[in-house]
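The structure appears below as structure tokens.
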Amino acid sequence: MSQRPSLTFRLDPQSGLAPYRQLVDQVRHAVRTGLLRDGDQLPSVRDVVTQITINPNTVHRAYRELEHQGIAEGRAGLGTFITLHLSVAPDATEHGTFEQALHDLVINARRAGIDEETIRELMRTALRQNGNVRS
Amino acid sequence: MIEETAVLEAVNLGKRYRRTWGLQECTLTIPKGRVAALVGPNGSGKSTLLRMAAGLQEPSAGTLRVLGKSPSPGADDLRERVGYLDQDRPLYKSFRVAEMLRFGEMNNPTWNMDVAKNHLALLDIPLRSRVSNLSGGQQAQVALTLCLAKQPELLLLDEPAAALDPVAREDLLRLLMRQVADSESSVVLSTHALSDVAAICDYVVVLAHARVVLSNDTEYIVETHRILSIVGDGDLALPPGITVIHEQRSARGRSLLVRVELPFNDDRWRVDRPTLEEIVMAYLRKGSPHRDGRDVDETESGAR
């Protein structure tokens, strides 16, 4: 069995996103960045509720959603494991390119004297204007 | 529709204290397996509802069913299946913790001593300590542990984490969540801490002035509310299907917390997702009751 990954969940009460979605996003992010790999075991529900203050139903819900998305798979009596099929395999290059572009944008914005709050606001607006595209 | 079984079902439930109503026209259904929060100001009826559910007070009106049965002081079966923790966390102050556990064991046929001891060990509370020597946080943890060790199907907790420091509060809530994970107990708790609600509760009941003003799954609540804001154009009418819960106007524009039944597509408005806390606050500020005691509200789009 593969080793347990060092994934630590956190909840942001200000995000306005349902807690289960936040967990789903964090797993997806961990997969994209390579922190989680094919065959890795997700923390057990009991581990998660010991680690952060969260309703176990929320964790179940998040794991079911990950299964539904084809990113994870529940194995009876064992736990939930990352299963990466090709269709959902992260495009690491594309992700990296975007991250670099964003990085450059932030540097340029700061040079132009745009403060952090304004950057966030512009980012939010851009995301909003491009529809409610869900990951 | 086939619903999951309800742990608590109230229809037009009311409780009258002499001239005033402690709870009025309360209709709600809390499904099994949830961690439900009762939120609302002091005197809004949270404790009244919990005490009636625990069979400690008789309703003055309407019906109440807990785990499918009518709660009453004589309902022995429910006494074992339901754990109730009073606001005052009754403990015998001169007892040692171990003695409290034995007392619990003698009085509860469903008692699980391993559960009790494990919880206390995790919390670093020594069994030989006297209750009176424990901190307020530890006393709250012991009181909750006694309640959990009964292994009830339904936990009714009246402000279990009130007056605790942030660390003790976290420990207490995690203790509770571990129990929910292990035993699949349902929980109905009252609280003033909206941040706790967002973290651990998947069902929310908002009470104001002895009435239920909102009651639903947290996820549904979060998905059906939005903050709409607009600069200028103060009299722009809202499209149909939108219910205003709370509105703030300034000389420069308007900001509204609304319930939306349909996807909202109107570029003139800026649309944001409110947090659960913001939604609950909006209902509490509004505080106006709805006739059927379920959802608010009677204000039609834009007309406020």
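Tabulated values for the structure
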read-out: Top-ranked residue of segment B:55-109 - restricted to ones that are of a type in the set (Lys, Arg) and free of Cβ contacts under 8 Å to residues at least 40 places away in the same chain, ranked as farthest from B:ALA143 (Cα to Cα); value: B:LYS69
read-out: The listed residue being in contact with an Asp or Glu (Cβ under 9 Å, 6 or more places away or on another chain) and in a helix (DSSP H, G or I), out of B:VAL115, B:VAL142; value: B:VAL115
read-out: Unique residue being away from chain A (no Cβ under 13 Å), buried (at least 16 other Cβ atoms within 10 Å of the Cβ) and under 25 Å from B:ILE30 (Cβ atoms) when the list is B:ALA210, B:ALA199; value: B:ALA210
read-out: Any pair with Cβ under 6 angstrom, 6 or more apart, that starts in segment A:46-59 at a residue that is within 7 Å of chain B (Cβ to nearest Cβ) and ends at one that is aromatic (Phe, Trp, Tyr); value: A:THR58/A:TYR20
read-out: B:LEU164 vs. criteria part of a loop (DSSP other than H, G, I, E, B), outside the structural domain of B:LEU257 (by TED's automatic domain parsing) and either over 14 Å from the mean Cα position of the chain (by Cα) or closer than 28 Å to B:GLY14 by Cβ (or both); value: yes
read-out: Entirely in segment B:202-268, the strands (runs of 3 or more DSSP E) that have 3 or more residues that are under 30 Å from B:VAL11 (Cα atoms) and modelled with pLDDT of 90 or more; value: B:203-208, B:211-217, B:242-249, B:253-260
read-out: Hits in segment B:177-186 - residues which are more than 13 Å from the chain's Cα centre (by Cα) and more than 9 Å from chain A (Cβ to nearest Cβ); value: B:GLN179, B:SER183, B:SER185
read-out: Residues of segment B:62-84 that turn out to be surrounded by fewer than 22 Cβ atoms within 10 Å (Cβ to Cβ) and either part of a loop (DSSP other than H, G, I, E, B) or touching a Phe, Trp or Tyr at 6+ places or on another chain (Cβ under 9 Å) (or both), as a count; value: 7
read-out: Some residue of segment B:241-250 being under 20 Å from B:ALA198 (Cβ atoms) and within 14 Å of chain A (Cβ to nearest Cβ); value: no
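The values are calculated or read from the model by the stated rules, or taken from the named source; none is laboratory data. This is a predicted model, so every value here is computed, not measured. All Cβ positions, glycine included, derive from the backbone under ideal geometry; neighbour counts span all protein chains shown.
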